[in-house]
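Here the structure comes first, spelled out in structure tokens, and everything after it is commentary.
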Amino acid sequence: MIGTFKDLAIILMLISMLIYIYVLIGLELFAYRLPHDPNVHSTFDGFLNSFLSVFIVLTNDGWSQIFLTHFKETNPISTSIYFFSLLGIGQYLILNLLIAIIIENFEYLSVKNDLINKINNMKSEEEA
């Protein structure tokens, strides 16, 4: 079980580093390049807004609106590379690592329960 927490800590650290790097890249590429529009809620104007935008893209919750807004108003090539790399790395690679750790933990628990059952069966056979 100790390995489980270590694995989760490593994944959380990796996700945090990924988010931090993409927040900084987003600030560099898109900060204050959109015209002020009260209907646009997710921009890269400031660290917290950039963090919120990256989090929205990683959770796949309305990221297309953020992408299209920046695609129209800034450089389409850098916008496409930024958002699709964030989607590819963030949603697929990190998600797959997290799922692998969860499956490994279930396998560990399954093996542990099988061993406990075998030990209990052996004890009951010896008593009989």
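Derivation of every value follows stated rules applied to the coordinates shown; laboratory data play no part. For clarity, every value in this text was computed on a predicted model and none was experimentally measured. Neighbour counts run over all protein chains shown; Cβ positions are idealised from the backbone, glycine included.
When shorter helices are ignored and each DSSP H run of at least 4 residues is given -39500 (n - 2.57), the per-residue value for the chain at 222 nm works out to -26000 deg cm²/dmol.
Pairwise inverse Cα distances across region 2-127, averaged and inverted, put the Kirkwood hydrodynamic radius at 17.2 Å. Site pair L93 and L109 shows an inter-label distance of 2.9 nm when each label is modelled 7 Å from Cα along Cα→Cβ. Placing unit charges on the Cβ atoms only, positive for Lys and Arg and negative for Asp and Glu, gives the chain a dipole magnitude near 300 debye about its Cα centre. Across region 24-89, counting alpha-carbon atoms alone, Rg and Dmax equal 10.5, 31 Å.
Projecting the Cα atoms of A31, L48, N60 onto the dipole axis of the chain, where Lys and Arg carry +1 and Asp and Glu carry -1 at the beta carbon, places A31 farthest toward the positive end. One Cα centroid belongs to region 25-47, the other to region 78-128; the line between them spans 38 Å. In region 2-127, a dipole from Cβ-located charges (positive for Lys and Arg, negative for Asp and Glu) runs towards its positive end, and of L115, A100, T79 it is T79 whose Cα lies farthest in that direction.
Under the criterion of Cα pairs below 8 Å and six or more residues apart, the relative contact order for the chain equals 24 percent.
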